[in-house]
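Let me begin by presenting the structure, written as structure tokens, before commenting on it.
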Ligand SMILES: Cc1ncc(COP(=O)(O)O)c(C=O)c1O
């Protein structure tokens, strides 16, 4: 998800070296820099047209935290300080800090911290298992509004296309349309966490382009530094920025490394590389082909229930092979087994087993580098097929 350009890219290393020779760090609260300003302009230029204001961070959770502080400032500046609650999908991941764990609804993940997390509400994912139409998620949304009052809701936060928590899943259009209607009616903001999907992973610069609504805030991170430097960003729509600029004019201080010249220079070089080599076009045109190939090879396996994909973000969801729909008994360790077997085959994948959360069973995320050759992508499909077949054989034997 991070190393979308592969490793050891000379032109990015050279950009980092040049910037470090000149000045690698200055404190964001006191100074801006040519690298920061250029990267801000470049990121705003590739974002949806309404999002023109950019603030940099060192990673994804920091970007989401900054987004939460920003939207809080927005409501306070607008004279609506009662807006303190967020709604987000229960099957999600937004980071390991306290507030981002709160956004991540997964009960198993956040249980120890629950007493410290408040005001963060959740709705079920609209998957084949929970809510194929999107109606149940909207009903849960309305129930929160009825219980807590529309005037207490600050924002809805979600990934446009999910990564680790529900690989390559996106709610049905009924949900997005319903969400936009509710924003118009109730005045909360919509924040898209594009920490994974930003910078081309799903075939467009931002996955937001593929949705029928425009968000008020976008966060992004992993692919912006592409593994060469830690950097994230928060993008705000003009109306969010202006509420603060025309009000107190104050956004609180950030982290020490926010917007430092070195990571910003790397971000510029990453954008240059993506553009020069037309890598997002490659992801967009090859993504459906890779999905078709993977689906054709693995969907006949009894362990596999669903194969999903958007660009170079793919997901495989497993079920109990005895009935094709129940969660696989957790003690069989399928997610862990897939990762181990894949590595044995020479493939790095990322599997999770959120069964105890109640929304989804064992599943695997695949996120090939944008620079993968056609042969490497075929090899990925073959190795994944072998991996699942081998694990399925073991699972069936144990179940028997
Ligand atoms: C969707 C999403 N949001 C936020 C984060 C947190 O980002 P970071 O680990 O850079 O803090 C992650 C990390 O995996 C993520 O996948």
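Data table
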read-out	value
The lone exception for residue 271 - which of (1) within 30 Å of residue 37 (Cβ to Cβ); (2) in a helix (DSSP H, G or I); (3) touching a strand residue (DSSP E or B) at 6+ places or on another chain (Cβ under 8 Å) it fails	(3)
The listed residue being part of a loop (DSSP other than H, G, I, E, B), within 22 Å of residue 222 (Cβ to Cβ) and touching a residue at least 40 places away in the same chain (Cβ under 8 Å), out of 80, 36, 91	91
Within the range 133-171, tally of residues that are more than 16 Å from the ligand (Cβ to nearest atom) and either buried (at least 16 other Cβ atoms within 10 Å of the Cβ) or modelled with pLDDT under 95 (or both)	11
Of the criteria (1) out of contact with any helix residue (DSSP H, G or I) (no Cβ under 9 Å at 6 or more places or on another chain); (2) within 12 Å of the ligand (Cβ to nearest atom), which one residue 201 fails	(1)
Evaluation of residue 14 against (1) in a helix (DSSP H, G or I); (2) under 27 Å from the mean Cα position of the chain (by Cα) (one fails), failing number	(2)
Any hit, the range 174-189, residues being more than 15 Å from the ligand (Cβ to nearest atom), free of Cβ contacts under 8 Å to residues at least 12 places away in the same chain and touching a helix residue (DSSP H, G or I) at 6+ places or on another chain (Cβ under 8 Å)	no
Residue satisfying all of: in the range 316-338; in contact (Cβ under 8 Å) with a residue 60 or more places away in the chain and in a helix (DSSP H, G or I); nearest to the chain's Cα centre (by Cα) among these	334
Residue among 115, 89, 96 that alone is closer than 30 Å to residue 355 by Cα and surrounded by 19 or more Cβ atoms within 10 Å (Cβ to Cβ)	89
Matching residues, the range 259-301, being surrounded by fewer than 16 Cβ atoms within 10 Å (Cβ to Cβ) and more than 24 Å from residue 228 (Cα to Cα)	285, 288, 289, 292, 296, 299, 300
Selection count, the range 351-379, where residues are over 20 Å from residue 131 (Cα atoms) and touching a strand residue (DSSP E or B) at 6+ places or on another chain (Cβ under 7 Å)	6
Considering residues of the range 339-374 that are free of Cβ contacts under 8 Å to residues at least 24 places away in the same chain and touching a helix residue (DSSP H, G or I) at 6+ places or on another chain (Cβ under 6 Å) only, the residue nearest to residue 290 (Cα to Cα)	351
Scope the range 88-129; condition closer than 20 Å to residue 167 by Cα and more than 16 Å from the ligand (Cβ to nearest atom); matching residues	107, 108, 123, 124, 126, 127, 128, 129
Number of the condition not met by residue 105 [criteria: (1) in a helix (DSSP H, G or I); (2) at pLDDT below 95]	(1)
Top-ranked residue of the range 39-69 - restricted to ones that are away from the ligand (no atom under 13 Å from the Cβ) and assigned to a loop (DSSP other than H, G, I, E, B), ranked as surrounded by the fewest Cβ atoms within 10 Å (Cβ to Cβ)	49
Criterion: modelled with pLDDT of 95 or more, part of a loop (DSSP other than H, G, I, E, B) and more than 16 Å from the ligand (Cβ to nearest atom) - qualifying residue of 24, 4	24
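Yes/no matrix, rows are residues, columns are (1) away from the ligand (no atom under 16 Å from the Cβ); (2) surrounded by 23 or more Cβ atoms within 10 Å (Cβ to Cβ); (3) under 23 Å from residue 59 (Cβ atoms):
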position: 193; (1), (2), (3): no, yes, yes
position: 209; (1), (2), (3): yes, no, no
position: 215; (1), (2), (3): no, yes, yes
position: 218; (1), (2), (3): no, yes, yes
position: 224; (1), (2), (3): no, yes, yes
position: 227; (1), (2), (3): no, no, yes
position: 230; (1), (2), (3): no, no, yes
position: 234; (1), (2), (3): no, yes, yes
position: 249; (1), (2), (3): yes, no, no
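The rows are residues; the columns are (1) under 11 Å from the mean Cα position of the chain (by Cα); (2) more than 21 Å from residue 120 (Cα to Cα).
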{"site": "137", "(1), (2)": "no, no"}
{"site": "147", "(1), (2)": "no, no"}
{"site": "155", "(1), (2)": "no, no"}
{"site": "173", "(1), (2)": "no, yes"}
{"site": "177", "(1), (2)": "no, yes"}
{"site": "193", "(1), (2)": "yes, no"}
{"site": "212", "(1), (2)": "no, yes"}
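The values are calculated or read from the model by the stated rules, or taken from the named source; none is laboratory data. Just so we're clear, the structure is a prediction, and the values are computed from it rather than from any experiment. FYI the Cβ positions are ideal-geometry reconstructions off the backbone, even for glycines, and counts take in every protein chain you see.
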